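Accompanying notes for the structure given below.
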Amino acid sequence: MRRWSATAGPLATKILIGINVVIYLLTTGASSSPGRTSDLESRFVLFGPAVADGDLYRLITTGFVHFGLIHIGMNMFLLFQFGSQLEPTLGRARFVLLYAAGLLGGAFGALVLSPNALTGGASGAVFGLMGAMAIAMRQRNISLREGGIGGLIVINLVLSVALPGISLGGHLGGLVGGAVVASVMLSPRRRPAEGVAAALVVMALAVMGSVAVAG
């Protein structure tokens, strides 16, 4: 019998990618014709009126629904890049909590700016990881410009405004949620339990805020 160890690499990151890919295949395979939204996809995406009616699960499932290969491909590429750096530093459990905080923060942001839109994608969570990377670099006294993360964040936010069909609220919400949690998790003056508590508080506030603005 084999046991998982650190040599398994960023296992949580790989599992998250696997879940995203499986759900993408399920939702696209359930569509009656190419380019059309399947019933499963429509049940998983974020939609304010549905959340207001009690479909709170959409706050989570929205982060695993993708619209096309380019959409999921870019998000999974960035998830792997940032996850490979953050997960070994934080540990698997805290990394998953950071990811969840970014995901739920993104859902809240999307509902604030566009509650009646059908929104999906892991980009809110990925922006949370971007925010965490920015915090990690600042704590190491690395310039955000030098590290490249600052430019990447700015470019993606500009694209969120310039291109149609992209959730600016989702990106901003995820970015803020991830940065807030990472500022506690990565602080050398904080205990690991405080980072966990920060993630849980951000997640709870995001859910309560989402319910408040959904209707």
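The values are calculated or read from the model by the stated rules, or taken from the named source; none is laboratory data. All values reported here derive from a predicted model rather than from experimental measurement. Note that each Cβ is placed from the backbone with ideal geometry, even for glycine, and that neighbours are counted across all protein chains shown.
Where the second residue is at pLDDT 95 or above and among the charged types (D, E, K, R) and the first is on the phi < 0 side of the Ramachandran plot and lies in segment 10-35, which pairs have Cβ atoms under 7 Å and are six or more apart or on separate chains?
Short answer, once both residue conditions are applied: Pro10/Glu87; Leu11/Arg92; Ala12/Glu87; Ala12/Arg92; Thr13/Glu87.
Looking at Met185, Met130, Met208, can you tell me which residue is at negative phi and under 14 Å from the mean Cα position of the chain (by Cα)?
Result of the check over Met185, Met130, Met208: Met130.
Among the listed residues Leu56, Leu111, Leu86, Leu97, which satisfies the condition of being hydrophobic (A, V, I, L, M, F, W, C) and not in a helix (DSSP H, G or I)?
So the residue among Leu56, Leu111, Leu86, Leu97 that is hydrophobic (A, V, I, L, M, F, W, C) and not in a helix (DSSP H, G or I) is Leu56.
Only one of (1) within 20 Å of Gly169 (Cβ to Cβ); (2) over 13 Å from the mean Cα position of the chain (by Cα); (3) of a type outside the set (Phe, Trp, Tyr) fails for Ala107. Which number is that?
It is condition (2) that Ala107 fails.
Taking the condition of being among the aromatic types (Phe, Trp, Tyr) and either free of Cβ contacts under 8 Å to residues at least 24 places away in the same chain or more than 21 Å from Val21 (Cβ to Cβ) (or both), how many residues in segment 78-109 meet it?
Number satisfying all stated conditions: 1.
Across segment 110-127, which residue is farthest from the chain's Cα centre (by Cα) among those that are buried (at least 24 other Cβ atoms within 10 Å of the Cβ) and without any contact (Cβ under 8 Å) to a residue 60 or more places away in the chain? Explain how you work it out, then say what you get.
Of all residues in segment 110-127, those buried (at least 24 other Cβ atoms within 10 Å of the Cβ) come to 110-111, 119-127.
From what is left, the residues that are without any contact (Cβ under 8 Å) to a residue 60 or more places away in the chain are 121, 123, 126-127.
Values: Gly121: 8, Ser123: 5, Val126: 4, Phe127: 6 Å.
Out of the qualifying residues, it is Gly121.
Identify the residue in segment 50-63 that is of a type in the set (A, V, I, L, M, F, W, C) and surrounded by 23 or more Cβ atoms within 10 Å (Cβ to Cβ) and, among all such residues, is nearest to Met130 (Cα to Cα).
Leu59
Quick one: in segment 137-177, of everything that is in contact with a helix residue (DSSP H, G or I) (Cβ under 9 Å, 6 or more places away or on another chain) and β-branched (Val, Ile, Thr), which residue is modelled with the highest pLDDT?
Here the answer is Val176.
Scanning for something aliphatic (A, V, I, L, M), touching a strand residue (DSSP E or B) at 6+ places or on another chain (Cβ under 9 Å) and under 22 Å from Gly165 (Cα atoms), does segment 126-135 turn up at least one residue?
no
Residues being over 22 Å from Thr119 (Cβ atoms), exposed (fewer than 15 other Cβ atoms within 10 Å of the Cβ) and modelled with pLDDT of 60 or more: count how many of those fall in segment 1-49.
Summing the residues that are over 22 Å from Thr119 (Cβ atoms), exposed (fewer than 15 other Cβ atoms within 10 Å of the Cβ) and modelled with pLDDT of 60 or more in segment 1-49 gives 4.
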